[in-house]
Every structure is written in structure tokens, then in C-alpha cells.
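Scroll down for the structure; my scribbles are underneath it.
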């Protein structure tokens, strides 16, 4: 989950739980098992407020968070029990902007907006490594590839780091600035202020290019099959197939987007999220 914007979200891969951030530092948990009627399922708060969250790729009930004071935490969020704090550590000396999982869920990373990164072992709580990953270059998005942390900068470069080693070589993705990026299990997608996007495979080789918006995308999400959803302008969102054909366009103010299964979770400033079906962009109907 990228941080900062009010309403940033993290959608659990099974599409049954969703977190939404608020300016007061609270993280609201939503039960989305019935997508037509999302229900509040608890609130989390830690340190000077939670600014980023990410669900584990290995354990559906585990959530990693990063707080404004630089601390990281793990939570166990079982569907039938109150939230449980599992671990906490002093991850960074300044405010994080990104949090995520590495090595299939064995490690958790926290990263600032300037690329300062710490990685922690989930089982032991030990620090696996620290690095200045981008040399101060602004980070647009952070994710992982296997046991490597990946940072994408606003200047169109990516850098990988395997904790315990020195950061790797820079990878040039695009000659243009990057204003939004997203990942799926198969693709990395970066988009520029002109609305053009490039999709890359796991080795950072360009797979295809397409236009995702008429102007600068505000948010971007990618499904595992390559379908994209982008928000742009004041209140527009568009879904595209992998070949760039438009599947649907809708009026929607979305600052954050994530896809899980056949659902798109969006948040545009209100605490209550909006869920859309990926196929047609409509709100799910109650059974």
C-alpha cells in the first residue's frame, strides 16, 4: 500500500478483508466477504499513526504496518477474533512511505520516500539488513521479487536489493518520469504524466505499452491476468484489457486502487471504501 494520500488501501488477496487509512493515523479494517455490503471490522493504531499496510502473501490473517514514528508491526487479523498485535520493531529513524513482504512472507520491509530501507525477519524479529536503496531519489513504488526488495523512482529507474548484500545495479525502465506504478504476480506497470504506461515482466523486460489515461494517472492497479484499472482527472476511472482496449469507464473519485480476485477496491477520501466488479466497473449487487 502506498502511503500519504488520505484513504490509501490494502486489499487482502482473497478479497475478504480491506484496510483504509485515515488522516488521524487510524487504519480501519473492513469485512468485504459480501462486497455489496462492506462492514467495519475493527481499527488499528500504533505509534504516531499508521501510514502504510500490506497483507502477507503467505498467511491471509497477517498484516504488516509502518507508523509515522518509523516503527513497524505485525498484526494477526483472524476473521472471527479482535485484532492481535504480534510483533513490533524500530524499523526506521524517519517516516516510512512503503511497507511490504519479501521472501514469500518470511521478511517484512519498510521504506521511506527517499529509499532508506530496513528488512526484518518475521519469525525471530531480527533485522536482516538496512540500505540506502535509491541514494535519496524519490520512490514512487516499492515491492519485492523473490528475496529482493524493489524500488521504482520517479525518474524511471528501478533498483533491487537482496538484504545482506549491497544494493544491485540500476535498471532503466523508461526515459520519462514515473507518476504511478503497480504490480501483479506477473507484471510491473509504470505510468507517466502523459498517461502512457509500460508493462514489464519479472526480468524487467518490456512486455507491452498502452495508454491508461488521458492525463496523469492518480492511481493504478493491475490484475494477475494483466488487466489494468487507472483513475485520472477529478473523477474518472478506466479499465483496460492487456491489449489496451477499454473495458469500461466510470465516474469515480479514486485516490487509491487495488485489485483482488474479480473486485476493484477504491478509496477517494471517505473512510468507507467503494468496491467495483473488475468485469464491468459496477458495484456488486446484493444476493
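The values are calculated or read from the model by the stated rules, or taken from the named source; none is laboratory data. As the structure is a computational prediction, the values presented were derived from the model and not from experiment. Quick reminder, even Gly has a Cβ in these numbers, built from the backbone with ideal geometry, and neighbours come from all protein chains shown.
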Check: Given the conditions (1) touching a strand residue (DSSP E or B) at 6+ places or on another chain (Cβ under 6 Å); (2) buried (at least 20 other Cβ atoms within 10 Å of the Cβ); (3) within 24 Å of residue 231 (Cα to Cα), and given that residue 161 satisfies all but one, which numbered condition is not satisfied?
Finding: (3)
Check: Pick from the stretch 107-137 the residues that are touching a residue at least 24 places away in the same chain (Cβ under 8 Å) and part of a loop (DSSP other than H, G, I, E, B): which of them is nearest to the chain's Cα centre (by Cα)?
Finding: 113
Checklist line | Selection from the stretch 243-259 of residues that are out of contact with any strand residue (DSSP E or B) (no Cβ under 7 Å at 6 or more places or on another chain) and touching a residue at least 12 places away in the same chain (Cβ under 8 Å) | finding: 243, 253
Next item on the list: Inspect the stretch 234-242 for any residue being surrounded by fewer than 21 Cβ atoms within 10 Å (Cβ to Cβ) and closer than 21 Å to residue 35 by Cβ and give the result as yes or no.
Entry: no
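Here's the yes/no breakdown for (1) over 23 Å from residue 137 (Cβ atoms); (2) surrounded by fewer than 22 Cβ atoms within 10 Å (Cβ to Cβ); (3) not assigned by TED's automatic domain parsing to the domain that holds residue 154:
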{"position": "183", "(1), (2), (3)": "no, yes, yes"}
{"position": "189", "(1), (2), (3)": "no, no, yes"}
{"position": "204", "(1), (2), (3)": "no, yes, yes"}
{"position": "258", "(1), (2), (3)": "yes, no, yes"}
{"position": "268", "(1), (2), (3)": "yes, yes, yes"}
{"position": "274", "(1), (2), (3)": "yes, yes, yes"}
Margin query: Of all residues being farther than 22 Å from residue 180 by Cα and at pLDDT 90 or above in the stretch 5-25, which is surrounded by the fewest Cβ atoms within 10 Å (Cβ to Cβ)? Just the residue, please.
Written below: 14
Next item on the list: Say whether the condition of being free of Cβ contacts under 8 Å to residues at least 40 places away in the same chain, surrounded by 21 or more Cβ atoms within 10 Å (Cβ to Cβ) and in contact with a strand residue (DSSP E or B) (Cβ under 8 Å, 6 or more places away or on another chain) is met by at least one residue in the stretch 58-65.
Entry: yes
Check: If you check 2, 37, which single one turns out to be loosely packed, with under 15 Cβ neighbours inside 10 Å, part of a loop (DSSP other than H, G, I, E, B) and modelled with pLDDT under 95?
Finding: 37
Next item on the list: Considering every residue within the stretch 138-145, establish whether at least one is in a loop (DSSP other than H, G, I, E, B), more than 25 Å from residue 44 (Cβ to Cβ), out of contact with any helix residue (DSSP H, G or I) (no Cβ under 6 Å at 6 or more places or on another chain) and in contact (Cβ under 8 Å) with a residue 24 or more places away in the chain.
Entry: yes
Margin query: Can you find a residue that is crowded, with 22+ Cβ neighbours inside 10 Å and either assigned by TED's automatic domain parsing to the domain that holds residue 133 or touching a strand residue (DSSP E or B) at 6+ places or on another chain (Cβ under 7 Å) (or both) anywhere in the stretch 81-90?
Written below: no
Note to self: Take the conditions surrounded by 15 or more Cβ atoms within 10 Å (Cβ to Cβ), at positive phi, within 20 Å of the chain's Cα centre (by Cα) and in contact (Cβ under 8 Å) with a residue 24 or more places away in the chain and apply them to residue 47. Does it pass?
What the structure shows: no
Notebook entry, point to check: Of all residues in the stretch 91-120, how many are surrounded by fewer than 17 Cβ atoms within 10 Å (Cβ to Cβ) and under 20 Å from residue 60 (Cα atoms)?
Noted result: 3
